[in-house]
Structures are given as structure tokens and as C-alpha cells.
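S.K.: One structure is given below, represented as C-alpha cells, and several questions about it will come after.
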Amino acid sequence: MKRAALYQRVSTLDQNPETQGIELRQFAQQRGYEVVHEYVDHGVSGTKVRRPALDQLLKDAHRHKFDAVLVWSCDRLARSTKHFLQVLDELNELGIQFHSQREAIDTDGPLGRAIVIIISAVAELEKSLIVERVRAGMRRAKLEGRRIGRTPLDVDHVALVRDRLSGMSLTVVAKKHGLSRASVVRFSREAKAKREHPQGDKPASNPVLKIRTSEG
């Protein structure tokens with residue numbers, strides 16, 4: 001009986017990889033494989049080339065610990081065509097077959113490999129189209145005058161600086177104005193710069209206003 005390794009991956013921690021595991025074990029049994037190890041990347045994005053479980057799988061592949069790799073779907077192994085083909089090439093050189101349950105394909109023979117390449121290319125194209133649609137939407141929003149990104153903070157800069165100069169701590173000022181401590185420091189420095197160098201004048205030798213930007 002041939003030995004099989006199962007590879008499972010989910011992108012977020014709240015997803016359960018066991019959903020893939022159950023189907024893969026049944027798939028392996030139907031194909032006459034003995035499952036010798038299961039590799040699981042839990043909460044790992046498919047866009048990352050380096051993944052702990054996948055890295056270990058490839059190391060064990062070089063030790064010839066199994067004869068085939070089974071995945072629930074091609075995109076579980078990789079979402080980049082380049083990376084996907086790199087993994088397949090590595091497995092192929094080691095004489096290890098690749099099976100994808102959802103697409104019902106394997107790399108046993110030239111036809112199987114051709115199908116894998118086509119499916120990977122289509123998946124990559126789909127991803128590129130999604131990115132382009134998002135960018136087109138952003139361009140349209142700009143042309144229509146809609147704001148993209150965060151709404152500017154509605155802050156009373158004069159009151160904030162006045163509170164800080166009065167000796168109020170960073171934490172108290174931040175809570176009062178609903179800002180982070182870092183924002184209070186930034187606004188204080190901007191106010192100081194405007195007072196010291198109005199309208200791009202040369203730096204004054206004796207600054208008029210000094211604003212404390214650290215606790216104390």
C-alpha cells in the first residue's frame with residue numbers, strides 16, 4: 001500500500017482544518033493510500049511562501065517518508081502560480097505524486113500536470129482581476145470626489161495644545177480629546193513647528209514656545 005501525506009491549511013484561527021482532514025482521509029482510503037502523516041498550517045495565509053507545516057512536508061518528502069501528497073484543493077497548497085509550480089516540480093523530482101480532491105486531478109502523467117498548470121493559471125488570473133476591480137473602484141471614487149481611507153480627525157488643536165501647556169499629562173490629554181498618546185505628541189510638535197517657523201521662515205534663535213512631548 002502506498003503511503004500518503006495530507007496537507008491542510010486554513011487562513012484564520014477561527015477556521016477548523018479538520019473539515020478538510022475528514023474529507024482527505026476518506027479520499028485517501030478510496031485511492032488505496034495509507035495516511036502516514038498529516039501536515040496542518042492553522043491560521044496561515046496562502047500568500048506566504050514559507051509555512052511551518054508545508055516546510056516540514058517538503059523536508060520529509062526529501063527523506064521519502066511518503067509516496068503522495070493529498071490536498072483538499074490546489075489553493076490550499078499555494079495561491080501563487082510560481083510557488084505552486086515550484087512545489088510540484090520539487091515533488092515530481094522526488095517521484096512523489098500530487099492529488100487535489102476538489103479538482104479531482106493528480107500529477108501522474110503529462111495530462112495531469114497540464115491540468116494543474118491550467119487551473120493554477122486561472123486562479124492567478126481570477127486574483128488579478130479582483131485586485132484590478134478594487135483599484136478601478138478606488139479610481140472611480142476619486143473621480144466622484146469621495147474620500148478614500150480614514151476620515152480626518154476632528155480635533156481642536158488649539159485646545160489640545162493649551163491643555164498640554166497647562167501641564168496636563170499625555171494620557172489625560174489623549175483621553176480628553178479621544179486620541180492616542182502618539183497623536184497628541186504629533187499635534188503638539190506640529191504646533192511648536194508652526195510657532196517657531198511661521199510661513200517657512202528661518203529657525204529662530206530663541207524659540208518662543210516650548211511644548212513638552214513626553215510624560216512628566
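The values are calculated or read from the model by the stated rules, or taken from the named source; none is laboratory data. If you're wondering where the values come from, they're calculated on a predicted model, not measured in any experiment. Quick reminder, even Gly has a Cβ in these numbers, built from the backbone with ideal geometry, and neighbours come from all protein chains shown.
S.K.: Report, by residue number, each residue of the stretch 101-137 that is modelled with pLDDT of 80 or more and touching a Ser or Thr at 6+ places or on another chain (Cβ under 6 Å).
M.R.: Within the stretch 101-137, R102 is the sole residue that qualifies.
S.K.: Answer with yes or no whether R76 is among the charged types (D, E, K, R), crowded, with 16+ Cβ neighbours inside 10 Å and at pLDDT below 90.
M.R.: On the way: among the charged types (D, E, K, R): yes; crowded, with 16+ Cβ neighbours inside 10 Å: yes; at pLDDT below 90: yes.
Yes, satisfied.
S.K.: Is there a residue being assigned to a loop (DSSP other than H, G, I, E, B), in contact with a Ser or Thr (Cβ under 7 Å, 6 or more places away or on another chain) and basic (K, R) anywhere in the stretch 155-171? Give the steps one after another, and end with the answer.
M.R.: Narrowing the stretch 155-171 to residues assigned to a loop (DSSP other than H, G, I, E, B): 155-156, 166-169.
Subset that is in contact with a Ser or Thr (Cβ under 7 Å, 6 or more places away or on another chain): none.
No, every residue in the stretch 155-171 fails to be assigned to a loop (DSSP other than H, G, I, E, B), in contact with a Ser or Thr (Cβ under 7 Å, 6 or more places away or on another chain) and basic (K, R).
S.K.: While we're on this one: Step by step: first the residues of the stretch 26-54, then only those that are buried (at least 17 other Cβ atoms within 10 Å of the Cβ) and charged (D, E, K, R), then the one that is nearest to the chain's Cα centre (by Cα). Which residue is that?
M.R.: Selected residue: R51.
S.K.: Still on this structure, I have one more. Tell me, which helices (runs of 4 or more DSSP H) lie completely within the stretch 1-119 with 2 or more residues that are without any contact (Cβ under 8 Å) to a residue 60 or more places away in the chain, out of contact with any Leu (no Cβ under 8 Å at 6 or more places or on another chain) and farther than 24 Å from I130 by Cα?
M.R.: On the way: elements: 18-31, 52-62, 74-77, 81-93.
Of the helices (runs of 4 or more DSSP H) lying wholly inside the stretch 1-119, those with at least 2 residues that are without any contact (Cβ under 8 Å) to a residue 60 or more places away in the chain, out of contact with any Leu (no Cβ under 8 Å at 6 or more places or on another chain) and farther than 24 Å from I130 by Cα span 18-31, 52-62, 81-93.
S.K.: Let me ask another. Looking at Q101, is it in contact with a Gly (Cβ under 9 Å, 6 or more places away or on another chain), of a type in the set (S, T, N, Q) and either surrounded by fewer than 16 Cβ atoms within 10 Å (Cβ to Cβ) or farther than 20 Å from K127 by Cα (or both)?
M.R.: On the way: in contact with a Gly (Cβ under 9 Å, 6 or more places away or on another chain): no; of a type in the set (S, T, N, Q): yes; either surrounded by fewer than 16 Cβ atoms within 10 Å (Cβ to Cβ) or farther than 20 Å from K127 by Cα (or both): yes.
For Q101, the condition - in contact with a Gly (Cβ under 9 Å, 6 or more places away or on another chain), of a type in the set (S, T, N, Q) and either surrounded by fewer than 16 Cβ atoms within 10 Å (Cβ to Cβ) or farther than 20 Å from K127 by Cα (or both) - is not met.
S.K.: I would also like to ask the following. Given the criteria buried (at least 16 other Cβ atoms within 10 Å of the Cβ) and either over 18 Å from the mean Cα position of the chain (by Cα) or not assigned by TED's automatic domain parsing to the domain that holds D14 (or both), does V71 qualify? Give the steps one after another, and end with the answer.
M.R.: Details: buried (at least 16 other Cβ atoms within 10 Å of the Cβ): yes; either over 18 Å from the mean Cα position of the chain (by Cα) or not assigned by TED's automatic domain parsing to the domain that holds D14 (or both): yes.
Judged against the criteria, V71 is a match.
S.K.: Restricting to the stretch 59-92, name every residue that is over 25 Å from V122 (Cβ atoms) and not aromatic (F, W, Y). Even if it seems obvious, please write down each step before you answer.
M.R.: Taking the stretch 59-92 as the starting set, the residues that turn out to be over 25 Å from V122 (Cβ atoms) are 59-67.
Passing the criteria: K59, D60, A61, H62, R63, H64, K65, D67.
S.K.: Another question, then. Please verify whether A182 is in a helix (DSSP H, G or I), at pLDDT 85 or above, exposed (fewer than 15 other Cβ atoms within 10 Å of the Cβ) and not charged (D, E, K, R), treating the condition exactly as stated. Spell out the reasoning first.
M.R.: Values: in a helix (DSSP H, G or I): yes; at pLDDT 85 or above: yes; exposed (fewer than 15 other Cβ atoms within 10 Å of the Cβ): yes; not charged (D, E, K, R): yes.
Against the criterion (in a helix (DSSP H, G or I), at pLDDT 85 or above, exposed (fewer than 15 other Cβ atoms within 10 Å of the Cβ) and not charged (D, E, K, R)), A182 qualifies.
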